[in-house]
Amino acid sequence: MAEHDDVREPVLIAEGASAPAGLPKGLRRVPRGVDEFATEHLIVNMGPQHPSTHGVLHVLLELDGEEVVAAEASLGYLHRGLEKLSEHRRYHQIGTLLDRADYLSGVHTELAFARALESMMEIEVPARARWLRSLLCEITRLSSHLVWMGTFGMDIGAMAPFLYILRDRDAVLDVLEEITGARMMFNYVRPGGVLYDITPKAEQMMLEFLDRFESTYLPEYHDLLTGNEIFRARVRDIGVIDRDTAVAFGLTGACLRGSGVAWDVRKERPYAAYGELDFDIPSGSKGDCWDRYMVRMEEIRVAGGLARDLLDGMPEGPYMAKVPKVLRPPEGEAYASVESPRGELGVHVVSDGSDKPTRMRLRPPSYFNLAVIDEILPGHMIADVVAVIGSIDIVLGEIDR
Amino acid sequence: MPDVAKIAADLERAGLGAVQVAEEGLGVVCRADTSDAPRVLEALKADGFEMLLDLFGADTGEGLVVTYHMRSISLDEDVYVTADLAYGGTLASVWTSYPSALYPERETAELFGLSLEGHPNPKRLLTTDAVEEPLLLKSTAVRTHEEVRRDG
Amino acid sequence: MALDRLTGENSVVFTRSEQLLDLARRHSLWYLMFGIACCAIEMMHAGGPKYDFDRFGIFHRGSPRQSDVMIVAGTVNKKMAVSLKTLYEQMPEPKWVLAMGACACTGGPFRDYPNVILGVDEIVPVDVYIPGCPPRPEALQNGFLELQKAIKRRAEERVDAGRGEDRG
């Protein structure tokens, strides 16, 4: 492996003159005063193997004592060419790859891709399929937020919530397995509809889970974390992202809503069954870790309620439209987006009329959400770095693609 | 849908009359020259398109196209800007107006073999120097079936 | 003690120290908490309350210096390969590697992308391959049971070889 030895990237040394003000703080050079007590800056590599980087994120931290002076994320440890490989797969084969992009909520990626194809080929999706899509989206949103909550707690130092969410997520995965046949890699949403109808047993299992979830599990989480004094002290006023920064860095999802912008693709550009449903969009005001935490905790509750509504109002009828066996969308481009647990997940397909796309671009929400750490980490203590990264909720499969 | 006439008029006023604004299957698309793209984006920012949602390149077989996807949260509208580029060309950075372009510009330059102009940190983002060819170009082949076989 | 019931109270058992140590080793396999991709989520679940890895003496550690087993749970690419090798070298002997999932075994669905390594065994020696994309937690547990068997088998082979040398 000698040819790979140059993997270590040049490190950002903060020295010299000032930089333009619009730059993220991590890229700004920090002038060192002559009169100050001379301390040497220390570069710390956080990751790629670190339990709190949620995968293989690598952050270069430049420290002055315990304070972060500059931070820079180094990506690509999971770059496996989803976009390139999609150009070499037929349209119906791409869903398999997209599942593995955002592996905590594969349904959302599949749905964005299916919607892009449907808009190009003008396929009308049956009502039952649209409701089933929304139902799956809400269950996976719930299970994805559970993982986020457990790992966020573990980053801060609370081990117990992680064990609780694994217990509950196993119950969710059992329901998902009953509906789709798989625990994680569903490949369930297809262009034109969904793969299977929901079975009465799955419906029963889901209702039982939702009962337990609302009566027992959710209050337990709030007891474990929300009411925990140490937890509150660790997340309040940490990692503040104000509205302008959030918009300038292209943040979406709970990170944007935590900063006070109540933008949600489900409300603004309704897809699947969301146009016919009534639900709340929780949002914060200050944009610190606590606001992002509360927004996601509220979303867990809303997702549970939505799943119940969707089960109640599920229309009868076919769950798959008539689509050709080989998909050949006409020449052109299409963009479709969904609100994934991490933010706006968009798929941009460029077709030349053949059975393979010319270009398939995935707009990964956590890629843009992560970029903001270069701006907000400087000035924090090193112990708060994990809290900030945890509160952004990243999935590396989707960032590196 | 954004008002095509208004955007065209605003671009005209900014001295960018050569930019074609039209409504296509994708939405409202402004087709600009590469050198004009940063100025088009600045003009659109003044129009209220404050968020750069996405930036990506595509290889058409004859050259490259860079697409900027912009959004106005207050107006609830999206607009696209596309710029044609030659292979191995130079991508002018737009980070001064849109800091969210910092990562995708590095990624596009790396995966399509472009050089960056005006970027504060113009190094590779996703791969190492062990990967020599720009991976997303059509001329870069994926491994063949024979190459990935493991008979041993 | 179970051994007492088997052999009688205050009994003496003769064994090779190697076999005794391997008995201890294979029942306290601590793995490195090193999730790369999708398989890491199933690895997490395997350690969770439903599948409960602890009952096999299998527990996660954050540092390679404290681990016996490395589970390579995900796609390894050229950028990751260097770090993976470093981590493997940091683990103290004796150490084992589990290739979890199709990507770690062969490159999986991403094998035709030039940036992806075709199986982690090009970088570190692998003891057990676990197929699946991703493997279920049960499959990972089965992989660990296979690893325990392999450790036992190797200890016996070493003892047999040593016996041969004694006679010679």
Q) In whole Å, how far is the Cα centre of segment C:28-85 from that of segment B:1-60? A) 48
Q. Of A:Leu224, A:Leu146, A:Leu98, which is the most mobile in a GNM of chain A whose springs link Cα atoms less than 10 angstrom apart?
A. A:Leu224
Q. Using the Karplus equation 6.51 cos²θ - 1.76 cosθ + 1.60 (θ = phi - 60°), what ³J(HN,Hα) coupling, rounded to whole Hz, does each residue of segment A:164-179 give in order, writing x for Gly and Pro?
A. 5, 5, 5, 4, 6, 5, 4, 5, 5, 5, 4, 5, 4, 5, 5, 7
Q | the protein assembly as shown - Rg and Dmax from Cα coordinates, angstrom | A | 26.5, 99
Q) What residue among A:Val44, A:Val295, A:Val265 has the largest mean-square fluctuation in a Gaussian network model of chain A, using Cα springs under 10 Å? A) A:Val44
(Q) So if I take the centroid of the Cα atoms in segment A:329-401 and the same for segment C:89-157, what is the distance between those two points in Å? (A) 30
Q) Using a basic spin-label model with each label point 7 Å from the Cα along Cα→Cβ, how many nm lie between C:Thr86 and B:Asp33? A) 4.7
Q | Built amide H within the under 5 Å cut-off of A:Ser340, gap 5+ | A | A:Leu345
Q: Taking only Cα atoms and a 10 Å spring cutoff, compute GNM fluctuations for chain A and point out the largest among A:Thr358, A:Thr216, A:Thr245.
A: A:Thr216
Q) If you line up the long axis of helix A:106-121 against the longest principal axis of chain A, both from Cα atoms, how many degrees apart are they, to the nearest 10? A) 60
**Q.** Amide H contacts of A:Arg363 (H built 1.01 Å from N, under 5 Å, at least 5 apart or other chain)
**A.** A:Gly346, A:Val347, A:His348
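Kindly flag which residue pairs out of A:Lys267/B:Lys45; A:Lys286/B:Lys6; A:Lys356/C:Lys85; A:Lys201/A:Lys325; B:Lys123/C:Lys85; B:Lys138/C:Lys79 have an alpha-carbon separation exceeding 27 Å in this structure. List each step's numbers first, then the result.
Values: A:Lys267/B:Lys45 24 Å; A:Lys286/B:Lys6 35 Å; A:Lys356/C:Lys85 37 Å; A:Lys201/A:Lys325 30 Å; B:Lys123/C:Lys85 24 Å; B:Lys138/C:Lys79 22 Å.
Pairs exceeding the cut-off: A:Lys286/B:Lys6; A:Lys356/C:Lys85; A:Lys201/A:Lys325.
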Q. Which FRET efficiency, nearest 0.05, do A:Asp64 and A:Asp237 yield, Cβ-Cβ r, R0 22 Å?
A. 0.60
Q: Send over the per residue convex hull volume for segment A:82-400, Cα only, as a whole number of Å³.
A: 119
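Once you average over the residues of C:104-113, how many Cβ atoms of partner chains fall within 10 Å of each Cβ?
6
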Q. Angle, helix C:78-90 long axis vs. longest principal axis of chain C, Cα atoms, 0 to 90°, nearest 10?
A. 20
Q. Distance in nm between label sites at A:His92 and C:His27, each 7 Å beyond Cα in the beta-carbon direction?
A. 5.3
Q. Taking H as built 1.01 Å from N, whose amide H comes closer than 5 Å to the amide H of A:Glu331, not counting residues under 5 places away?
A. A:Gly353
Q.
For B:His145, A:His54, C:His45, give me the order by solvent-accessible area with a 1.4 Å probe, most accessible first, ignoring ligands, DNA and RNA.
A. B:His145, A:His54, C:His45
Q: Express as a percent, rounded to the nearest 5, the fraction of DSSP beta bridges in the protein assembly as shown (both residues included) that run antiparallel.
A: 70
Q: Tabulate in residue order the Karplus-calculated ³J(HN,Hα) for segment A:344-349, using 6.51 cos²θ - 1.76 cosθ + 1.60 with θ = phi - 60°, rounded to whole Hz; enter x for Gly and Pro.
A: 6, 9, x, 10, 10, 10
Q | Kirkwood-based shape ratio for segment C:27-151, expressed as Rg/Rh from alpha carbons | A | 0.94
Q.
Given contacts defined as C-alpha pairs under 8 Å and at least six residues apart, what's the relative contact order of chain A, whole-number percent?
A. 25
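Set the Förster radius R0 to 35 Å, insert the Cβ-Cβ distance between A:Glu122 and B:Asp10 as r into 1/(1 + (r/R0)^6), and round the FRET efficiency to 0.05.
That pair, A:Glu122 with B:Asp10, gives E of 0.60.
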(Q) At 0.36 nm per residue, and after removing the present C-alpha to C-alpha distance, how many nm does the segment from A:Val44 to A:Val326 gain when stretched out fully? (A) 96.4 nm
Q. Karplus couplings for segment B:74-88 from phi (6.51 cos²θ - 1.76 cosθ + 1.60, θ = phi - 60°), rounded to Hz, Gly and Pro as x?
A. 5, 8, 6, 9, 10, 8, 10, 10, 10, 9, 7, 9, 7, 4, x
Q | Efficiency of FRET from Cβ geometry, C:Phe56 and C:Ser17, R₀ 30 Å, rounded to 0.05 | A | 0.80
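The values are calculated or read from the model by the stated rules, or taken from the named source; none is laboratory data. All figures in this text were calculated on a predicted structure; none of them were measured in a lab. All Cβ positions, even for glycine, are placed from backbone atoms using ideal geometry, and neighbour counts span all protein chains on display. Calculation scope for accessible area: heavy atoms of the full protein, side chains included, ligands and nucleic acids excluded. Shrake-Rupley method; radii C 1.70, N 1.55, O 1.52, S 1.80 Å.
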